[in-house]
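Accompanying notes for the structure given below.
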Amino acid sequence: MLTTLLGAIRACVRWASLALLALLIVTPLAQILVRGVFNSPMASAEELARYFLICLTFLASSYVTLEGGQIRMEEFQAALPARFRWYLQMTIELAGVAMFGVIFAAAAITVGDNLDNQTPTLEMPFWLFMAPLLLGSLLLMIETAMQFLHTLQRRRPEEKHTVLT
């Protein structure tokens, strides 16, 4: 049940990330076309593109973590004894869960304190502006906790292999 739910969430994150990437590309392109063809700039196009970049960064980070794309210092870890590497990996993952939990709590408190505010340029509700940080930190906390549980259940360190493409 839990793995099915996580799989569905991961698929949604993947598709939302692709949609945000497309919006991030289309928004400046539309700005250039409207300015070039109609000689009139789109209002707040730069801010909207920046918002899409923020959304993409925070939402896709959990998928990057799932796929092992975060910086891990694999060469350093490979030089360590297996038992110590296992403890190090679990410590790093627990620290990640704690850090993302603190970020999530701080974002939730900030959103709760500013429900009636809006951003000055785009005039969007503040909760909507902060939603990528809130959701992204929650997803990162979950993915990092899942990695910790996986490492704990294996009772040995993950083998790290750097692949350059």
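Some observations on this one:
- Subset of region 133-147 (residues that are of a type outside the set (A, V, I, L, M, F, W, C) and either surrounded by fewer than 18 Cβ atoms within 10 Å (Cβ to Cβ) or within 8 Å of the chain's Cα centre (by Cα) (or both)): Gly136, Ser137
- Verdict on Ala11 being free of Cβ contacts under 8 Å to residues at least 12 places away in the same chain, touching a helix residue (DSSP H, G or I) at 6+ places or on another chain (Cβ under 9 Å), part of a helix (DSSP H, G or I) and of a type in the set (Gly, Ala, Ser): no
- Note on region 2-35: residues that are under 26 Å from Leu139 (Cα atoms) and basic (Lys, Arg) amount to 2.
- Residues that are part of a loop (DSSP other than H, G, I, E, B) and among the charged types (D, E, K, R), drawn from region 39-91: Glu67, Arg72
- Taken together, the residues in region 92-128 that are in a helix (DSSP H, G or I) and out of contact with any Phe, Trp or Tyr (no Cβ under 7 Å at 6 or more places or on another chain) amount to 21.
Results for (1) in contact with a strand residue (DSSP E or B) (Cβ under 6 Å, 6 or more places away or on another chain); (2) surrounded by fewer than 17 Cβ atoms within 10 Å (Cβ to Cβ); (3) hydroxyl-bearing (Ser, Thr, Tyr), shown as yes or no for each residue.
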residue: Leu2; (1), (2), (3): no, yes, no
residue: Gly7; (1), (2), (3): no, yes, no
residue: Ile25; (1), (2), (3): no, yes, no
residue: Gln31; (1), (2), (3): no, no, no
residue: Tyr51; (1), (2), (3): no, no, yes
residue: Gly68; (1), (2), (3): no, yes, no
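- Picking from residues in region 73-91 that are modelled with pLDDT of 85 or more and of a type in the set (S, T, N, Q), the one that is surrounded by the fewest Cβ atoms within 10 Å (Cβ to Cβ) is Thr91.
- Residue identified as of a type in the set (Gly, Ala, Ser) and farther than 16 Å from Ile54 by Cβ among Ala107, Ala131, Ala98: Ala98
- Remark: Ser137 falls outside the filter, which requires a residue to be small (Gly, Ala, Ser), in contact with a Leu (Cβ under 9 Å, 6 or more places away or on another chain) and under 28 Å from Leu24 (Cβ atoms).
The values are calculated or read from the model by the stated rules, or taken from the named source; none is laboratory data. For clarity, every value in this text was computed on a predicted model and none was experimentally measured. Ideal geometry is used to build each Cβ from the backbone, glycine not excepted, and the neighbour counts take in all protein chains shown.
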